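**Q** My questions will all concern the structure given below.
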Amino acid sequence: MTAQEFDDLFRAQYPRLVALGAAMTGSTEIARELAQETMLRAHARWHDLAGFDQPEAWLRRVMTNLLVDEHRTRTAERAAFGRVALPAPVSSTTPADSADLIAWREMIAPLPARQRAIIALHYGDDCSVDDIARMLAISTGTVKSALFKARQRLHSSIDHARQEDHQ
């Protein structure tokens with residue numbers, strides 16, 4: 001594949017990777033960094049990726065893996081800050097974030113990392129169950145189960161919020 005084909009892939013996929021990352025981390029800044037890292041890895045392996053039927057699926061898998069690593073790092077940092085009684089650093093968002101994106105992030109933030117990744121890929125990036133299973137190297141049953149559990153949790157939190165509004 002040519003440099004132009006990589007440029008086209010970058011232009012098409014980079015915004016989608018940032019949106020996926022922002023949904024999972026709550027931070028557009030972190031999402032941009034991880035999307036850039038994903039694209040750097042793609043560029044370094046371009047000769048391999050050029051032969052893939054769907055290089056964008058590889059990109060989403062790498063991005064999701066980086067996001068899970070980021071989540072683990074942030075969790076470990078919070079625990080470390082807690083042990084020394086310092087406030088944990090706060091993730092920032094940029095003013096360019098839309099109210100809908102912020103609401104989406106807040107809604108899925110309490111979900112476990114895997115459920116958040118699967119929900120973000122399925123609804124945010126419009127990936128099928130089969131695509132998500134391939135990207136995350138898990139079974140379709142695991143994806144379906146995670147989607148079901150995430151939907152239940154989201155429905156529960158929405159119902160709870162509605163009840164609080166009526167009181």
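**Q** When you go through Arg11, Arg61, Arg41, Arg32 one by one, which is the residue that is basic (Lys, Arg) and either loosely packed, with under 11 Cβ neighbours inside 10 Å or at pLDDT below 85 (or both)?
**A** Working: Arg61 fails: either loosely packed, with under 11 Cβ neighbours inside 10 Å or at pLDDT below 85 (or both); Arg41 fails: either loosely packed, with under 11 Cβ neighbours inside 10 Å or at pLDDT below 85 (or both); Arg32 fails: either loosely packed, with under 11 Cβ neighbours inside 10 Å or at pLDDT below 85 (or both).
Selected residue: Arg11, the only one of Arg11, Arg61, Arg41, Arg32 that is basic (Lys, Arg) and either loosely packed, with under 11 Cβ neighbours inside 10 Å or at pLDDT below 85 (or both).
**Q** Of all residues in segment 1-47, count the ones that are in contact (Cβ under 8 Å) with a residue 60 or more places away in the chain and assigned to a helix (DSSP H, G or I).
**A** Going through segment 1-47 one residue at a time, the tally reaches 10.
The values are calculated or read from the model by the stated rules, or taken from the named source; none is laboratory data. Everything numeric here is computed off the predicted structure, so don't read it as measured data. FYI the Cβ positions are ideal-geometry reconstructions off the backbone, even for glycines, and counts take in every protein chain you see.
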